[in-house]
Structure formats: C-alpha cells, structure tokens
Amino acid sequence: MRYFGTDGIRGRFGESVINLDFAYSIGLALGAYLLEKGLDGPHSVVLGRDTRPSGKALLEACALGLEEKGVSCTDAGILPSPALAFAVLFTQSSLGVMITASHNPHTDNGIKLFSGKGAKFSIAEEMRIESLIKLGSPTTLAPSNLKSRNLCLPYLENLRKRFPPSFLAGTKIVLDLANGATMDTSRQAFESFGADLGLLSNGDGRINEGVGSEFPTFLAKEVIEKKAEMGIAHDGDGDRVIFVGSDGKIIDGDKILGLLAQTAREKNRLKGNAFVATVHSNSGLGEFLNQLGVDFHRASVGDRNVASMMKEVGCNWGGESSGHVIASDYLPTGDGLFIALTLALHLVECGGKLSELAKEITLWPSKSGSFRVMDKKPLEECHELQEVLGECNHKLMDQGRILLRYSGTENKVRLLVEAKEKDKADAIFEDLVKTIQKTL
C-alpha cells in the first residue's frame, strides 16, 4: 500500500505524507468510506492524540475533512490509543482516529484507525480507504463543530472494575511514561490501586526522546535506586509495555508473554487452551507453552495479524515480544496499562518477584538488528542474499531459524537469527549482516 504500514500511517511531520493537507484529505476519505459502507447514520467519529506538538493541528485538519462529509466529530484530546479504542465503543461511534506515531521519534507523527468495534482495520479496508484519498487543501483553518469531551474517565472506570481495590497498597513501582499519552491515565490507575509510585518522563521532556519502552535503561537504574518491586515503561501512545524486575534487569518480552499465558491458564481464563505470538517470538516461548500443554501459534508481525489469528484459533490472549499484548475479553486491541496491572496482580497473588518468575522460561540464544536501506527492493529478487540465506538455513537445520523482513513503518530491514547454540547464532548473524550491507 502507498500510505498504510504495519500499524497505521507514519512519517516525519511536515514532509510528503504527514502534513495538514494529508490529514484533511484522509478525513475526507474516511467520511466517504463511512457513506459508502451504508451504515446507519448519522455518523460520528472520536479523535484523539498523543503529546506531539503537531498533534492538535493534524487532529483538527482531519476533523475538518470528516465534517465536510457530514460526520460529527468529538475531540478526546490527549489520551492513550487503547483509551481511544474504548471511547469508540463507549460512545458507539462509527470509528476512531488516533493522531500518533506510537514509539517513533518525536519528529514523526501518524494516524491510527479503529473500527466501530474498537479494533484495527483489515488490510482490505485500509486499501479501500487509500483508494478514496484525493489530496487537497482545506479552505478554512479549523472545524466549526468540533466538540471536546474527556473520555479518559470512563476508560479508567472500566479498568478499575477489573482489579481488586487497593491490591497494590504499599508496592513500590517506577513508571516511565515516555512523556506521552499515558501521563495521566497510568499514574491515576496505579495510584488508585494504592501503589507507591516513582514517576519518570512525566512531562519533563519530549515524547520518546531517550525514554519510554524503547529506552528502558534509565528506568532500570531507578528501580535499583528506589528499591522498587518492578519498573514499567510505556511507548508514546500507551499500547505497549516493557517491564524491569526488582534486580534492575529488563525482562524479555517473550518471557512476559509466557507469564501472561501461564497466569491466564492457571485461572482458567485461557480460551481454546492456545496463545498467539508472532514470527519474531523466540522458540523458547513455544517450548515453555507446549510444556504447559498450551498450543502455540505464530502470526505475521503486527497486532492486527495477532488479533486475526486469535479469532481463527478461538483464543483470547496473544501478543508481540515488543510489548504489545491483546487480551480480547478486555479490548480488541493492545493496552499497556491493562497488561501492566494484570502482571502486577499476578505478582501480588503469588508473592513472587518478576525477575525470579521470568527465569522459569528459557529462551534460545538469538541476535537481532535493523539496518537502514535506501529502498525496499523485494528480498526474493536479491539473488546473492537468497543464496547466503539458503546456506545459513542449511547450517541451522531444525536447531534454529532466520527471519528477515522489511519494517512496515520505516526504511529498514530487520534481521533475527535464533539457534540453540549461541556461537552458531552469532556467526550466522554476522555473515548475513555483511551480505545485507553489500546487497541492500
């Protein structure tokens, strides 16, 4: 597709895609899409944003395009993406528009879409929306009927109903809020359950700039310094979460997935006795789940693909090792805050430490990296690269695997090499890096 990537549309603000004219144009396209679908009207859309300075203007430009198609718009202001997904359901809106570039640098911005069911759009739906985009410029500067509404309150009320009162009383936790959309919601939620909070990146800097889920090193130091039970880091829009144990060690995302699956199974809340991860997840996670008697499934990268396979196999838990986890009995999209509270409750109930529980899951040695490319030439057309890949796969046989793919949101190629023997994984990774740098 021309605009949509793995998770919405992203780019540097002010350049060819993410600008006010484009936001207006996609607003027009979304309005046309709703009219084309023939859904019962009048149509309404909820719009929200993260803390990027460009967010307000982009939101208003998109709302202007929607208004011109007769769609009623509500400005939910700054809130996490999962809160916006819940807001769509709560207000019974036709769809939701989130202005965010998630974990991308603060110079970027983007657009995420949620259906009337609070879920991500399918590829076919995104393709149809793309076909309706006709680039143009607004004739006025701002929408005339844009209503503002605080939709964080019902989101938090719904969340609080799902956990015992004051279950975190006296528990020391450090939150890194990435200077992003979770600064109010996550703090309020943890405080309402009695946690003794230490706050990082709570509005004292730019979104995602050396902080949050992409940069958890400082969080790890704070956990040690404050002698906290755990550390929790969000990304810019709050659909991801990364954990740090009381020993200051960052917990691998696949170990978190394993613990969540184990907890759900122990409580008889794992539907279909199955769990969905992605092709990026470590094979050690699969071994751990199989030992528990849980069926392990892999989806393509992206929470939309995870959610699709969850429906296909009839289960209610799935996620990505990057920290994006879906609990479909709660919401059809990922919510870092819900996952953080779920794991925190498990630790309280079992009386264990996160760092110790994580040791029960043994991951295969692996090495990964991402490399910038000028353009995304189809990998199957890179004959020298394919030849080296074939040789490397032959060396691994059934004792490892290689995953090479382009990023869905950036001009990068991502490489993962996994093997039961660390030396073999390292050697094959280095061979492939040299070939990638030579051919791409």
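Taking the criterion of being farther than 16 Å from residue 347 by Cα and part of a loop (DSSP other than H, G, I, E, B), the residues of the range 245-283 that qualify are 248, 249, 252, 268, 269, 270, 279, 280, 281, 282.
The set of residues from the range 101-127 being among the basic types (Lys, Arg) and surrounded by 16 or more Cβ atoms within 10 Å (Cβ to Cβ) comprises 112, 120. The set of residues in the range 1-60 that are in a strand (DSSP E or B) and of a type in the set (Lys, Arg) comprises 10, 12, 49.
Counting only residues that are charged (D, E, K, R) and touching a residue at least 40 places away in the same chain (Cβ under 8 Å), the range 392-409 holds 2 of them.
Answer with yes or no whether residue 326 is in contact with a strand residue (DSSP E or B) (Cβ under 9 Å, 6 or more places away or on another chain), within 26 Å of residue 192 (Cα to Cα), assigned to a helix (DSSP H, G or I) and aliphatic (A, V, I, L, M).
Working: in contact with a strand residue (DSSP E or B) (Cβ under 9 Å, 6 or more places away or on another chain): yes; within 26 Å of residue 192 (Cα to Cα): yes; assigned to a helix (DSSP H, G or I): no; aliphatic (A, V, I, L, M): yes.
No.
Let's see how each residue does on (1) farther than 10 Å from residue 276 by Cβ; (2) without any contact (Cβ under 8 Å) to a residue 24 or more places away in the chain:
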{"residue": "297", "(1), (2)": "no, yes"}
{"residue": "301", "(1), (2)": "yes, no"}
{"residue": "317", "(1), (2)": "no, no"}
{"residue": "323", "(1), (2)": "yes, no"}
{"residue": "334", "(1), (2)": "yes, no"}
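Taking the range 336-440 and the helices (runs of 4 or more DSSP H) fully enclosed by it, the elements with 2 or more residues that are more than 30 Å from residue 166 (Cα to Cα) are at 383-396, 422-439. Flag set for residue 74, criterion: buried (at least 19 other Cβ atoms within 10 Å of the Cβ), in contact with a strand residue (DSSP E or B) (Cβ under 8 Å, 6 or more places away or on another chain) and part of a strand (DSSP E or B).
Residues checked against (1) assigned by TED's automatic domain parsing to the domain that holds residue 306; (2) at pLDDT 95 or above; (3) closer than 30 Å to residue 201 by Cα; (4) touching a Lys or Arg at 6+ places or on another chain (Cβ under 7 Å):
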| residue | (1), (2), (3), (4) |
| --- | --- |
| 13 | no, yes, yes, no |
| 16 | no, no, no, no |
| 27 | no, yes, no, no |
| 33 | no, yes, no, yes |
| 37 | no, no, no, no |
| 40 | no, no, no, no |
| 54 | no, yes, yes, no |
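Listed conditions (1) under 21 Å from the mean Cα position of the chain (by Cα); (2) within 21 Å of residue 183 (Cβ to Cβ) are all met by residue 7, apart from (2). Cβ-Cβ distances below 6 Å connect the following pairs, each with a first residue in the range 90-108 that is within 13 Å of residue 410 (Cβ to Cβ), a second residue that is surrounded by 20 or more Cβ atoms within 10 Å (Cβ to Cβ) and among the basic types (Lys, Arg), and a separation of six or more residues or different chains: 101/10; 104/10; 108/10.
The values are calculated or read from the model by the stated rules, or taken from the named source; none is laboratory data. As the structure is a prediction and not an experimental result, all values here were calculated from the model. Note that each Cβ is placed from the backbone with ideal geometry, even for glycine, and that neighbours are counted across all protein chains shown.
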